[in-house]
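Reviewing the structure listed below.
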Amino acid sequence: MKSNNPLRSATWNRRTLLQRTAAAGAVGMVGYHGLVANASSGSAQEIIVGEGPHRYRLVHHCVQLPSQYTWQTTHNVAVDAENNVYVIHEGRENQKDHPSIFVFDDKGKFIRAFGSEFQGGGHGIEVRTEGSEQFLYVAAYQQVKAFAKLTLKGETVWKKFAPTESKIYHADEATHPTKTWGPDRFLPTNFAFLPDGGFFLADGYGAFHIHRFDKDGKWLSSFGGAGDGEGKFKTPHGLWIDDRNPQAPKIVVTDRAHHTLQIFSIDGKYERTITGFGLPANVDLQGDLLLVPELKARVSLLDKDYKTVATLGSDVERIGEDKGNTIRRDESKWLDGKFVHPHDACFDLAGNIYVAEWVQSGRVSKLTKMA
């Protein structure tokens, strides 16, 4: 049902498309954290994670690349209005002809690949409906240091570099970007969209600012910056618009290295901090549920009050003890039903969840909601 409220009825982002899914029915059984149950056919095992009304069948490696391509550290995932899945990997700078973006249908069948211009720096990806068309928004870091608007087939609408008018960045960032990190460098990570066509962009690895742009990618303002106090960040890696209260929408920022979410008004004023996470990497929203992938080996679902109502695929203790990050590079150490490093997650049209992990050989998992 559409709302008459202008904030609710406006096109916030590609993920707002997912609001039209049917509400999930309550499930009476609880306590299914990581349960492995025999499938009815007896020929396979199904992995069920979650609890109560938030139970999912988990399938790892739900999408596979054709033999001519290789995963090169999966980063982010998005879904379009046809329920097709878009995956971006970081890629390798020395493989300029290899694509960084791959598209699959909702059954996992490969459709197309493109985006070689983001090789070595592929990071954030979102799909947004604008009028009767859909577009991809891509954020790229490392030596690419750019953000771009593309068609769903990969044609560039526009591509932009550091907003030097913000007076934050080294002049070379907009003219000669190189793989240089620092507080005056531009290393964008993720987007959040507004109903007027504008958007926010997180500079998650550079100056630690959140920038606001208009619908054409013109810089308007910024907030944040490096620091340990309220409204300051240490790796503001992901962000999203929380419009569950349409009268007072909020910006949710994953302040990753502080292990918190910070909540802001739409004009960038600090409101509160939510603690208790393990390197939260990004945010998605569907209905009343806020979805938070955490690099420290779990995916969390939060209610309207930012309280965790379900934890999916947790392997926090084991991954936390892996000081050398050896597990992410050795697939033989991955456990069924457990996540290693969830870097991004999003809902699809049916309320299922896709998770992309920051692991060496790449992994995208699908959690299918149990009715």
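Would a scan of the stretch 88-101 turn up a residue that is on the phi < 0 side of the Ramachandran plot, open to solvent by 10 Å² or more (accessible area, probe 1.4 Å) and assigned to a strand (DSSP E or B)? The answer is no; no qualifying residue exists. Name the strands (runs of 3 or more DSSP E) wholly inside the stretch 211-303 in which the number of residues that are closer than 28 Å to ALA148 by Cβ and without any contact (Cβ under 8 Å) to a residue 60 or more places away in the chain is 2 or more. Output list reads 219-224, 236-242, 250-255, 260-265, 289-294. Taking the criterion of being among the charged types (D, E, K, R), assigned to a strand (DSSP E or B) and under 22 Å from GLN45 (Cα atoms), the residues of the stretch 331-371 that qualify are ARG363, LYS366, LYS369.
Within the stretch 304-321, take every residue that is in contact with a Lys or Arg (Cβ under 8 Å, 6 or more places away or on another chain) and assigned to a loop (DSSP other than H, G, I, E, B) and give me the one that is surrounded by the most Cβ atoms within 10 Å (Cβ to Cβ). The residue in question is GLY313.
Table: residues versus (1) crowded, with 18+ Cβ neighbours inside 10 Å; (2) within 27 Å of ARG318 (Cβ to Cβ); (3) among the small types (Gly, Ala, Ser).
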position	(1), (2), (3)
GLN247	no, no, no
LEU261	yes, yes, no
THR275	no, yes, no
ALA281	yes, yes, yes
VAL299	yes, yes, no
LEU302	yes, yes, no
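Out of VAL36, VAL49, one residue alone is assigned to a strand (DSSP E or B), at pLDDT 95 or above and within 23 Å of LEU335 (Cβ to Cβ). It is VAL49.
The values are calculated or read from the model by the stated rules, or taken from the named source; none is laboratory data. Since we're looking at a predicted model, the values are computed, not measured. Cβ atoms come from the backbone with ideal geometry, glycine included; neighbour counts cover every protein chain shown. Please note that ligands, DNA and RNA were not included when accessible areas were found on the heavy atoms of the full protein model with its side chains. Shrake-Rupley method; radii C 1.70, N 1.55, O 1.52, S 1.80 Å.
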